[in-house]
Amino acid sequence: MVAAAPFRGLRFDPAVVGDHALVTAPPYDVISAEARDAYEAMSPYNMVRLILAKPGPADTPQASSDQTVDYRQVAELLAAWQAKGALRRDSAPCLYIYEEIYELKGSRRIQRGVLASVTLDDTGTWVVPHERTMAAPVADRLRLLEATGVNLSPVFGVYAGAGGPTAVLDDVTTTPPTLACTDETGVQHRLWTVEDPGRIAAWRERMKGQRVLIADGHHRYRTSLAYRDAMRAAQAGAPRATSDGPGGPWDELLMFLVDADLHGPAVLAIHRLLADVDGGTILAGLEGDFDARPAGSPAGAEELLGRLEQDAVAFGLYAGGRSWLLVANDPAGLAAEAGRDRRMLDVEVLHGPVLSKRLGVNDFEGRVAYESDLAAAVTRVDEGAAASLMILRPAPFGAVAAIAAGGETLPQKTTFFYPKPRDGLVLRPLA
């Protein structure tokens, strides 16, 4: 049962900070160092200063030898913004309808959902993860959450509701929004607050029967579970969240809930950059198992991938200025090799039978980098920042959902749901 509730959000006051487009930012894990500088330059109140703060100078007592961030300073900055009135707490618990209007391949699209406080679930019963997580990002986000005591970024969840839950809220979007802005990429963001107890109760009741798939924010979700467990241990005897009532504020987190049947996201690919495995090694390691066909360019390889039958297992390769399309000769055999009695997604074959077994790459944090922007990934190879690039197709949403519903998890960074919710529209304090 999905337990989703209103909360008193913390929001930027435009009278103090100006246009919301200047203070919001994408999720931290899609922001490059250059982009971080650009967001910082937009405003002294930009969210990037909280979600992706820079390490302090090496000679300051606050900075460690490995240049990690002192999140106490982030907490102090957040408190200063509240003291100045840049961030203000809503007076009553609300649901927040959030809409993004964007273009994808020349087509205008709308993503709409609800920002709410959702009870954590570590059983996979009503909130279902579909990707494995990595230890370092979880540890980093935990330090940030411990310091600030605020959900700075929503976890992005999708469900198949056939429009049922949203039906009680959709007419709100015919009224003028509480907030409207257009970000630097051209995506329009609109927000409405819902305070009416009757509407909120009806929406919550309809959400109870849903099952939410985590689309983006697996590391932040895992972080919230770790924080909850630590707080429970420290607060022995404190109430815990159940179907009969709420527990402590650490039993919930901020989520963006989107009905994939109605206003769902697009699913894009995330490509793999290999730090130290060149093209020749890859081709030799896959010889006999994959048919290697020359492709004119990385974009050409991506286009050829899109033309393949869905049941094919394939990916592109770019290295040394050359591109190939790699198509598995026996997808069922690769699945059996991995102990699966179902068709494996391209990314599963890449991480398992290909990288781990044939190419000896098991360190998916140290030797593999992840990039959704194909042009940016190609540039990194051309500049020598990576030895090769594995180009992937988007994972089919239906297959991802079915695998997750079966209790399995996919490799980290399997999916790139687009557009992502913007950080800085609504924050959720835990106190």
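The values are calculated or read from the model by the stated rules, or taken from the named source; none is laboratory data. Bear in mind that the values here come from a model prediction, so they are computed numbers and not experimental data. In this analysis, Cβ positions are derived from the backbone assuming ideal geometry, glycine residues included, and neighbour counts consider all displayed protein chains. Note: areas computed on protein heavy atoms with side chains; ligands, DNA, RNA excluded. Shrake-Rupley method; radii C 1.70, N 1.55, O 1.52, S 1.80 Å.
The table for this structure:
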| read-out | value |
| --- | --- |
| Scope region 201-218; condition open to solvent by less than 70 Å² (accessible area, probe 1.4 Å) and under 22 Å from residue 171 (Cα atoms); matching residues | 201, 202, 203, 207, 210 |
| Residue 404 being aliphatic (A, V, I, L, M) and at pLDDT 90 or above | no |
| Close pairs (6 angstrom Cβ cut-off, 6 or more residues apart or separate chains): at pLDDT 95 or above in region 180-206, hydroxyl-bearing (Ser, Thr, Tyr) and open to solvent by 40 Å² or more (accessible area, probe 1.4 Å) anywhere | 188/182; 191/178; 192/178; 193/178 |
| Identity of the residue in region 16-31, open to solvent by 50 Å² or more (accessible area, probe 1.4 Å) and touching a residue at least 60 places away in the same chain (Cβ under 8 Å), that ends up nearest to residue 254 (Cα to Cα) | 29 |
| Breaking point among (1) open to solvent by less than 40 Å² (accessible area, probe 1.4 Å); (2) in contact (Cβ under 8 Å) with a residue 12 or more places away in the chain, for residue 337 | (1) |
| Where residue 228 falls short, out of the listed (1) surrounded by fewer than 17 Cβ atoms within 10 Å (Cβ to Cβ); (2) modelled with pLDDT of 90 or more; (3) not aromatic (Phe, Trp, Tyr) | (1) |
| Verdict on residue 346 being acidic (Asp, Glu) and open to solvent by less than 30 Å² (accessible area, probe 1.4 Å) | yes |
| Residue among 279, 316, 306 that is of a type outside the set (Phe, Trp, Tyr) and open to solvent by 10 Å² or more (accessible area, probe 1.4 Å) | 306 |
| Search result, residues across region 397-431 that are open to solvent by 40 Å² or more (accessible area, probe 1.4 Å) and assigned to a loop (DSSP other than H, G, I, E, B) | 406, 407, 408, 409, 413, 431 |
| Residues (charged (D, E, K, R) and either open to solvent by less than 20 Å² (accessible area, probe 1.4 Å) or more than 23 Å from the chain's Cα centre (by Cα) (or both)) located in region 161-200 | 170, 171, 183, 195, 196, 199 |
| First in region 77-91 and among the hydroxyl-bearing types (Ser, Thr, Tyr), second anywhere and open to solvent by 40 Å² or more (accessible area, probe 1.4 Å), Cβ under 8 Å, 6 or more apart | 91/8 |
| Given (1) under 16 Å from the mean Cα position of the chain (by Cα); (2) modelled with pLDDT under 95, number of the condition residue 233 does not satisfy | (1) |
| Of the criteria (1) modelled with pLDDT of 90 or more; (2) hydrophobic (A, V, I, L, M, F, W, C); (3) over 17 Å from residue 141 (Cβ atoms), which one residue 50 fails | (3) |
| Checklist (1) at pLDDT 95 or above; (2) surrounded by 15 or more Cβ atoms within 10 Å (Cβ to Cβ); (3) assigned to a loop (DSSP other than H, G, I, E, B); (4) not basic (Lys, Arg) applied to residue 385, failing item | (2) |
| Those residues of region 1-54 which are part of a helix (DSSP H, G or I) and of a type in the set (Val, Ile, Thr), in sequence order | 16, 17, 30, 48, 51 |
| Test set (1) surrounded by fewer than 22 Cβ atoms within 10 Å (Cβ to Cβ); (2) over 22 Å from residue 416 (Cα atoms) - residue 134 fails condition number | (2) |
| Subset of region 91-142 [polar (S, T, N, Q), in contact with a Leu (Cβ under 8 Å, 6 or more places away or on another chain) and over 20 Å from residue 210 (Cβ atoms)] | none |
| Filtered residues of region 121-160 (kept if within 17 Å of the chain's Cα centre (by Cα) and assigned to a loop (DSSP other than H, G, I, E, B)) | 129, 130, 132, 133, 134, 152, 153, 154 |
| In region 79-96, residue most open to solvent (accessible area, probe 1.4 Å) [restricted to those that are of a type in the set (A, V, I, L, M, F, W, C) and closer than 12 Å to residue 6 by Cβ] | 92 |
| Tally, over region 161-190, of residues that are touching a Pro at 6+ places or on another chain (Cβ under 9 Å) and outside any strand (DSSP E or B) | 3 |
